[in-house]
1. Report the full-extension gain for the segment A283 to V98: residue separation times 0.36 nm, less the Cα-Cα distance, to one decimal in nm.
2. Of S166, S328, how do they rank once you tally other Cβ atoms within 10 Å and put the fewest first?
3. What net charge do the residues around L125 carry, taking every other residue with its C-beta under 14 Å from that of L125, with Lys and Arg at +1 and Asp and Glu at -1?
4. Once both labels are modelled 7 Å past Cα along the beta-carbon direction, what's the R216-S166 spacing in nm?
5. What ³J(HN,Hα) values, in whole Hz, does the Karplus curve 6.51 cos²θ - 1.76 cosθ + 1.60 give for segment 225-239 when θ = phi - 60°, with x put for Gly and Pro?
6. For a quick check: sort W226, W346, W83 by the number of other beta carbons within 10 angstrom, fewest at the front.
7. At 7 Å along Cα-to-Cβ for each site, give me the label-to-label distance between K406 and R20 in nm.
8. Positive end of the charge dipole of segment 19-198 (Lys, Arg +1 and Asp, Glu -1 on Cβ, about the Cα centre): tell me which of A57, I34, I90 has its Cα farthest that way.
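No value in this document is a laboratory result; all are computed from the given coordinates. Everything quoted here is computed from the prediction, not taken from an experiment. Ideal geometry is used to build each Cβ from the backbone, glycine not excepted, and the neighbour counts take in all protein chains shown.
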Amino acid sequence: MSTHVAATESNTNGQLLRNRFFQTVLLSNVLLQIGIWVRNFAILLYVTDKTGDDPIAVSLISVAEFAPIFVFSFIGGTFADRWRPKLTMIWCDILSAVSVFVVLLTIMFETWEAVYFATFVSAILSQFSQPSVMKLFKQHIPPAQLQSAMAIFQTLVAIFMVLGPSLGVIVYNNFDIHVSIAVMGVAFLLSALVLVRLPKDAPVEKVDAKERHLRREIAEGFRYVWRSPVLRTLCGVFALAGLAVGIMQTLGLFIVTERLGKPKEFLQFMLMINGIAMLIGGASVMLVAKKLSPQKMLAIGMLAGALCSVGIGYSTNVMLTLVLQFASGLFFPIIQVAISTMMLQWSEESIVGRVNGVLSPMFVGMMVVTMAAAGPIKTVLPLVTIYSIAGGLMFLGMLLLLPIFKYKAPEHASKQPSPSGMSVH
């Protein structure tokens, strides 16, 4: 029996990797990851060099990256449902490349502050491009293969979490900011060129102009999420996970210096362990994706995250902390894959963009809240207590999922028609 299941899973993954649409989006994402990681670290190192490690200047990079999510996520998701997704993605990559080359010109004239503009514009355009990707996944990936597709993408993200920082540092240290920015622009342009291979967009259904009211369409997205018990629960889980992750991301340095008694440089080893674990977890999640519902996968990931958070807070042993850090990274892809799968399975194709626009800011928004509050909280609470609170938030998120275990993907997911241009070869 197990041999038959393994053979079936292998055949499913083989079909997925031969899917022209999936091949194209995967290659495009590789190019985008190269551009993004070179951007993140080259700009970070450039700003620290220019400002003498000014913490305010460095923090503005994060502001430029995350602020657009609050402003443009709802709008981007709405327009992704209106526009043709293939053209939207291509134009977003082209405009990102143009903005990067504009920044390159300004830096050549010694206006270094323009590097913030590259991050800001790229972050805005991603709020239009990302929902379009989700919409195309809904169109071109059979429901039975969605979790496997999400797992492969999570593996790719994990690979770049391990390799990306080194790539950015190498490019910047061996060349300079001008070459680094040029690499970003070329990567975005190549991604746009690769996306031309995507199947032709389906005709957009024409709606009367009176009905195409932006605020009304955004409100429809909120109502759609609120009416679905699964999506409504997912919204709460997103918020709780964001609160917990924001605490752990911000205070990891103090775990190293205060709980482990190590120099701050030791943090890079913890992050490397976490990245390697995410790579393994992303590959392993494909093995369990067919055996468990996404709700149960998400609950397992949240429970593991809760236990690891409390354990890391209490631990003063280096080896134990590294093991817990590894375990946390191992289960994080399960959370990401399960959330993406649930979002796609419980959303109709016509509203995928708006659902993504409603849910995504919940995680990032709450994460930024606790990132901003973590410093002041640490002045009044010990690390053990703070990490226990983060673990409690993850555990509460797991409890929220228990009532929706009984739900199965709706009919619009299981009866999705086979799209054109999806031949397996």
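1. Working: separation 185, 0.36 × 185 = 66.60 nm, distance 3.49 nm.
Stretched out fully, the A283 to V98 stretch lengthens by 63.1 nm.
2. Details: S166 12, S328 23.
Lowest to highest Cβ neighbour count: S166, S328.
3. Net charge around L125: -1.
4. A separation of 5.5 nm, rounded to one decimal place.
5. Values per residue, Gly and Pro as x: 5, 5, 6, 8, x, 6, 5, 5, 5, 4, 4, x, 5, 4, 5 Hz.
6. Placing the least packed residue first, the sequence is W226, W83, W346.
7. 4.5 nm
8. My answer, from the dipole projection, is I90.
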